[in-house]
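Taking it in order: structure first as structure tokens, then the write-up.
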Amino acid sequence: MSGNAESTAYRSALEVIGAVEPRVATAIRAELADQRESLKLIASENYASPATLLAMGNWFSDKYAEGTVGRRFYAGCQNVDTVEALAAEHARELFGAPYAYVQPHSGIDANLVAFWAVLADRVESPALRRAQARHVNDLTEADWFALRRELGNQRMLGMSLDAGGHLTHGFRPNISGKMFDQRSYGTDPETGLIDYDRVAEAAREFKPLILVGGYSAYPRKVNFRILREIADSVGATFMVDMAHFAGLVAGKIFTGDFDPVPHAHIVTSTTHKSLRGPRGGLVLCGPELAEQVDRGCPMVLGGPLPQVMAAKAVALAEARRPDFVDYAGRIVANAQALADGLQRRGTKLVTGGTDNHLALIDVTGYGLTGRQAEQALLDSGIVTNRNAIPQDPNGAWYTSGIRVGTPALTTRGFGTAELDATAELIHTVLSRTAPGTNADGTASKAKYVLDPGVADRVSKQASDLLTGFPLYPAIDLG
Ligand code: PLP
């Protein structure tokens with residue numbers, strides 16, 4: 001699509017929207033302006049292509065299509081069939097997976113679909129069969145009681161939240177921690193790395209039905225061959241949630257032992273992080289689990305979002321192009337340049353570096369909490385998110401870490417020199433920030449004092465850095 005076509009498309013769309021509710025059109029314009037102006041280091045965000053974004057803004061949104069391709073509960077789904085089949089085909093080809101289910105609306109939905117599919121495959125339960133015919137919201141207390149009793153308190157072993165795992169990997173307050181009797185594995189306290197011997201030991205003791213691999217904040221490669229061997233040794237189903245690093249799998253950076261697809265029984269992902277697609281999820285598996293995965297609707301999902309499946313088809317087609325391999329390689333080179341730049345300036349990183357798209361800064365070295373560091377960086381035009389570090393003394397709310405990632409800035413065209421300059425800006429802000437005090441004189445975990453002038457100076461430097469790398473350069477909203 002030419003730049004002119006993109007500008008025309010968005011200007012027309014905003015005119016149409018603005019004629020009905022101008023404040024929405026204004027907010028959409030403001031969002032583009034904000035995204036253009038911020039130095040975005042949020043590891044889970046990216047910038048989807050205009051083609052991907054435009055595929056979501058149309059009349060597919062009006063269509064109900066419960067069921068699967070060719071087997072719908074509604075008439076007139078032939079065009080939805082086309083886009084769903086295309087998205088699934090691109091996902092299978094891209095990841096080398098026998099089966100792909102592209103209906104999940106998000107990563108959490110994809111994980112729920114996978115959990116229920118494994119339970120249905122592994123455990124004989126009439127209550128589960130009955131529940132699968134309904135939407136999860138329609139289950140009564142009595143249904144849940146029967147389910148838990150018949151499922152026999154099944155066990156899940158996943159990475160702990162403070163070691164970098166995700167809420168859905170068995171965190172107590174999440175539904176995964178309620179559905180399953182859960183236990184988690186952490187990382188080595190000295191190195192911050194996964195200790196596979198300890199995972200094996202935990203698996204031997206706990207005998208999980210599902211062993212979950214994958215993470216939201218672990219900055220290293222994971223050896224999925226070893227995790228599969230551990231799962232096999234205790235008869236567990238091995239599931240990998242590659243939500244964060246799917247782009248690195250698609251871009252052939254994670255191959256062999258580090259590619260989850262040939263090793264896991266079932267793989268889930270989001271489509272909007274390093275994969276650079278629309279907000280959504282997907283599930284990959286072999287033929288033995290495919291039938292149960294297809295029962296995602298009605299067990300977990302209602303009608304799919306055909307407009308998002310259309311956008312998944314576009315983004316997955318983009319990820320199959322040779323330039324995506326180059327993009328994925330640059331994401332990692334940039335993350336390493338950022339990590340090296342930070343460490344050269346004395347910043348402490350969990351595990352001492354990165355081999356994926358993210359790094360985890362331990363801000364205790366600056367005498368700060370994650371909350372203070374996140375806000376001071378934001379004041380200075382740098383958007384990050386606070387994140388717990390292993391054995392975090394400040395818990396999951398204040399935290400002691402800042403997670404930084406490079407998928408978004410790499411999409412803008414940043415290279416290693418710009419990431420080194422970014423490291424300098426981060427270090428400047430953190431080293432010029434001091435913890436604040438509460439009104440009663442006690443130390444605050446939220447308040448902070450940034451040296452005068454630093455926020456303005458760094459914001460200006462961040463903005464200068466971004467000027468050379470315009471976001472959506474072809475789109476001029478006038
Ligand atoms: N799985 C992992 C590993 C994640 O990091 C996330 C999101 O942060 C999810 C699942 C959930 O994705 P979503 O926000 O699309 O539900």
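The values are calculated or read from the model by the stated rules, or taken from the named source; none is laboratory data. Since the structure is predicted, the reported quantities are computational estimates derived from the model, not experimental observations. All Cβ positions, glycine included, derive from the backbone under ideal geometry; neighbour counts span all protein chains shown.
The residues on offer are Ala246, Ala163, Ala203, Ala231, and the sole one that is within 20 Å of the chain's Cα centre (by Cα), of a type outside the set (Val, Ile, Thr) and at pLDDT 95 or above is Ala246. Just checking, does segment 422-439 include any residue being more than 21 Å from the chain's Cα centre (by Cα), at pLDDT below 95 and not in a strand (DSSP E or B)? Within segment 422-439, one or more residues are more than 21 Å from the chain's Cα centre (by Cα), at pLDDT below 95 and not in a strand (DSSP E or B).
The set of residues in segment 263-275 that are buried (at least 23 other Cβ atoms within 10 Å of the Cβ) and away from the ligand (no atom under 11 Å from the Cβ) comprises Ala264, Ile266, Val267, Leu275.
Test of understanding: among Glu84, Glu89, which residue is surrounded by 21 or more Cβ atoms within 10 Å (Cβ to Cβ), in the same structural domain as Thr268 (by TED's automatic domain parsing) and touching a helix residue (DSSP H, G or I) at 6+ places or on another chain (Cβ under 9 Å)?
Glu84
Given the criteria over 15 Å from the mean Cα position of the chain (by Cα), without any contact (Cβ under 8 Å) to a residue 12 or more places away in the chain and either surrounded by fewer than 23 Cβ atoms within 10 Å (Cβ to Cβ) or within 16 Å of the ligand (Cβ to nearest atom) (or both), does Pro260 qualify? Here the answer is no, as Pro260 does not meet what is asked. The set of residues in segment 387-412 that are surrounded by fewer than 24 Cβ atoms within 10 Å (Cβ to Cβ) and assigned to a helix (DSSP H, G or I) comprises Gly395, Ala396, Trp397, Tyr398, Thr411, Arg412.
Of the helices (runs of 4 or more DSSP H) lying entirely inside segment 276-386, those containing at least 3 residues that are outside the structural domain of Arg457 (by TED's automatic domain parsing) and among the hydrophobic types (A, V, I, L, M, F, W, C) span 287-293, 306-319.
Given the structure, is Pro278 over 13 Å from Gly107 (Cα atoms) and within 14 Å of the ligand (Cβ to nearest atom)? Criteria not met by Pro278.
Residues of segment 344-377 that are crowded, with 16+ Cβ neighbours inside 10 Å and free of Cβ contacts under 8 Å to residues at least 40 places away in the same chain: Lys348, Asp362, Thr364, Gly370, Glu374. The lone criterion from (1) in contact with a His (Cβ under 8 Å, 6 or more places away or on another chain); (2) among the β-branched types (Val, Ile, Thr); (3) assigned to a helix (DSSP H, G or I) left unmet by Val240 is number (3).
Are any of the residues in segment 173-191 at pLDDT 95 or above, in a helix (DSSP H, G or I) and of a type in the set (Val, Ile, Thr)? There is no residue in segment 173-191 that is at pLDDT 95 or above, in a helix (DSSP H, G or I) and of a type in the set (Val, Ile, Thr).
Only one of Ala142, Ala133, Ala146 is away from the ligand (no atom under 16 Å from the Cβ), farther than 30 Å from Asp362 by Cβ, of a type in the set (A, V, I, L, M, F, W, C) and surrounded by 15 or more Cβ atoms within 10 Å (Cβ to Cβ). Can you tell me which? Write out each step before concluding.
Working: Ala142 fails: surrounded by 15 or more Cβ atoms within 10 Å (Cβ to Cβ); Ala133 fails: surrounded by 15 or more Cβ atoms within 10 Å (Cβ to Cβ).
Only one candidate qualifies: Ala146.
Remark: pairs (first residue in segment 203-224, touching a residue at least 60 places away in the same chain (Cβ under 8 Å) and within 14 Å of Thr268 (Cα to Cα); second residue more than 15 Å from the ligand (Cβ to nearest atom) and in a loop (DSSP other than H, G, I, E, B); Cβ separation under 7 Å; 6+ apart in sequence or on different chains) = Ile210/Ala236.
Does Gly76 satisfy the condition of being in contact with a helix residue (DSSP H, G or I) (Cβ under 8 Å, 6 or more places away or on another chain), loosely packed, with under 15 Cβ neighbours inside 10 Å and assigned by TED's automatic domain parsing to the domain that holds Met309? Spell out the reasoning first.
Numbers: in contact with a helix residue (DSSP H, G or I) (Cβ under 8 Å, 6 or more places away or on another chain): no; loosely packed, with under 15 Cβ neighbours inside 10 Å: yes; assigned by TED's automatic domain parsing to the domain that holds Met309: yes.
So Gly76 does not fit the description; no.
Do the conditions hold for Phe206, that is, is it touching a Leu at 6+ places or on another chain (Cβ under 9 Å) and within 16 Å of the ligand (Cβ to nearest atom)? Working first, answer last.
On the way: touching a Leu at 6+ places or on another chain (Cβ under 9 Å): yes; within 16 Å of the ligand (Cβ to nearest atom): no.
For Phe206, the condition - touching a Leu at 6+ places or on another chain (Cβ under 9 Å) and within 16 Å of the ligand (Cβ to nearest atom) - is not met.
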